[in-house]
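So the structure is just underneath, and the comments pick up after that.
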Amino acid sequence: MAKELVVSELAKQDLDDIWNYYVERNLQETGRKLLQEIGKKFSLFLQYPEIGRQRNDFILYLRSFAVKDYLIFYLPSDETIEIFRVVKASRNISTLFDDMVGQ
């Protein structure tokens with residue numbers, strides 16, 4: 001079981017973007033609930049690091065987990081769970097990882 005949760009700078013920006021999207025539409029309560037639900041999944045990954053779908057097609061050992069219309073991409077290791085990205089599932093996901101394939 002991993003011991004520490006790490007949120008990448010890209011994921012922090014993704015979460016800020018999600019919040020701002022809901023704030024701009026005056027839907028703060030909806031945004032707050034969504035971000036709470038996403039945060040609960042972060043804790044779940046610490047307990048069950050292999051719960052998500054393998055996404056080795058993007059980055060070796062990368063996993064994804066869906067929350068509503070969003071995908072959480074994370075990298076589990078023995079010591080950490082790194083939340084790598086949190087993006088709308090309808091996005092062209094492969095373009096997020098184009099310059100990272102094979103790492």
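The values are calculated or read from the model by the stated rules, or taken from the named source; none is laboratory data. None of the values given here were measured: they were computed from a predicted structure. When we count neighbours, we look across all protein chains shown, and the Cβ atoms used for this are built from the backbone with ideal geometry, even at glycine.
A few comments on the model shown:
- Taken over segment 54-81, the criterion of being of a type in the set (D, E, K, R) and more than 19 Å from Asp98 (Cα to Cα) is satisfied by Lys68, Asp69, Asp78, Glu79.
- Here segment 75-103 is the region considered, the condition is being surrounded by fewer than 11 Cβ atoms within 10 Å (Cβ to Cβ) and within 12 Å of Arg55 (Cα to Cα), and the residue that is modelled with the highest pLDDT is Ser94.
- Here the strands (runs of 3 or more DSSP E) wholly within the chain that include at least 1 residues being of a type outside the set (Phe, Trp, Tyr) and free of Cβ contacts under 8 Å to residues at least 40 places away in the same chain are 63-67, 70-76, 80-88.
- For segment 25-32, the criterion of a residue being modelled with pLDDT of 95 or more, over 24 Å from Glu4 (Cβ atoms) and among the aliphatic types (A, V, I, L, M) is satisfied by at least one position.
- Scanning segment 16-52 for residues that are more than 16 Å from the chain's Cα centre (by Cα) and aromatic (Phe, Trp, Tyr) yields Tyr21, Tyr22.
- Where Lys3 falls short, out of the listed (1) under 26 Å from Asp98 (Cβ atoms); (2) modelled with pLDDT under 95; (3) not hydrophobic (A, V, I, L, M, F, W, C): (1)
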